[in-house]
Amino acid sequence: MEPSPSASGKALSADGTRIAWSRQGDGPPLVIVDPLTADRNSSSTRALAQLLSGNHTVYTYDRRGLGESDVGEEYTAESDVDDLLAVVQVAGGRADLYGFASGAFLALRAAEESAVITRVVALEPTLALDEGEDEMLVLQTELEGLGGVQVPVLVLAGSSSGEDTQDLARRAADALEEGEFQLLEGNTASVPEAALAEAIESFLS
């Protein structure tokens with residue numbers, strides 16, 4: 001089978017906001033969900049997408065207000081999920097997800113809210129808090145929400161990452177019906193993309 005041609009475009013989110021995406025590779029669709037501070041042209045995202053594109057049709061996208069995506073009228077947790085699901089529709093209507101940091105929690109929220117997500121790999125899920133929010137209260141609410149995720153999930157953390165980061169990853173995996181936890185050697189700044197790609201491929205194969 002010939003690889004799917006690389007392409008890019010813009011998906012329409014539920015409120016009409018245009019979300020920029022790119023595609024490369026061949027195989028089952030996999031969407032990479034970046035943290036709020038990154039876009040699809042970051043060096044780490046591009047390197048990981050290239051490694052995964054041998055066995056997957058990889059979609060990357062710019063979250064609302066970043067890169068080439070429009071800002072839209074407002075940014076909410078609901079609009080964040082809608083934007084991701086719009087990219088999944090471009091990918092054929094069903095897809096696996098890989099997310100890092102706040103992107104990992106977004107991937108898990110999408111899996112909780114929609115049946116079009118088939119599996120999730122979540123690297124060191126972290127929370128993006130609004131000013132004045134109680135971190136423990138928000139964390140407890142998020143973890144309780146994970147009980148609604150009905151698909152297999154691999155939660156990853158770096159062996160050299162802080163104890164709080166590892167603990168949150170373990171708690172997230174424990175809250176999931178089909179969750180499993182795995183440590184990668186190093187921390188998120190030092191784990192080679194090849195090792196991360198191998199962990200993702202092993203889980204999704």
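Read the figures in this text as sums done on the coordinates, not as results from a lab. Keep in mind that what you see is a predicted model, and the values were worked out from it rather than measured. For neighbour counting, all protein chains shown are included, and Cβ atoms are generated from backbone atoms with ideal geometry for every residue, glycine included.
Values as computed for the structure displayed
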| quantity | calculated |
| --- | --- |
| Stokes-Einstein D (µm²/s) once Rh is taken as the Kirkwood radius of the stretch 62-116 over alpha-carbon pairs, at 10 °C in 1.306 mPa s | 137 µm²/s |
| Ranked by how many other beta carbons lie within 10 Å on average, peptides 47-57, 133-143, 97-107, 175-185 from highest | 97-107, 47-57, 175-185, 133-143 |
| FRET efficiency for Asp164 and Leu36, using Cβ-Cβ distance with R0 set to 22 Å, rounded to 0.05 | 0.70 |
| Under 14 Å, Cβ to Cβ, from Gln166 - net charge with Lys/Arg +1 and Asp/Glu -1 | -4 |
| Cα shape, the stretch 14-108, gyration tensor, a/c 1.5 rule | prolate |
| Linear extension gain, Glu180 paired with Ser6, 0.36 nm per residue minus alpha-carbon span | 59.4 nm |
| Extension gain, Gln150 back to Val71 (0.36 nm per residue minus Cα-Cα distance, nm) | 25.3 nm |
| Stretchable slack from Ser190 to Glu133, in nm (0.36 nm times residue separation minus alpha-carbon distance) | 17.4 nm |
| Label point at Ser202 placed 7 Å out along Cα→Cβ; residues across the stretch 41-82 whose backbone nitrogen lies under 16 Å | none |
| Gyration tensor verdict on the stretch 103-163 (Cα atoms; rounded if a/c is under 1.5, prolate if a/b is larger than b/c, oblate otherwise) | oblate |
| Hull-based mean projected area of the stretch 93-205, where the convex hull spans the alpha carbons, in square nanometres | 7.0 nm² |
| Estimated FRET transfer efficiency (Thr141, Arg94; beta-carbon r; R0 41 Å; 0.05) | 0.90 |
| Net dipole in debye of the chain [+1 Lys, Arg Cβ; -1 Asp, Glu Cβ; about Cα centre; nearest 20] | 900 debye |
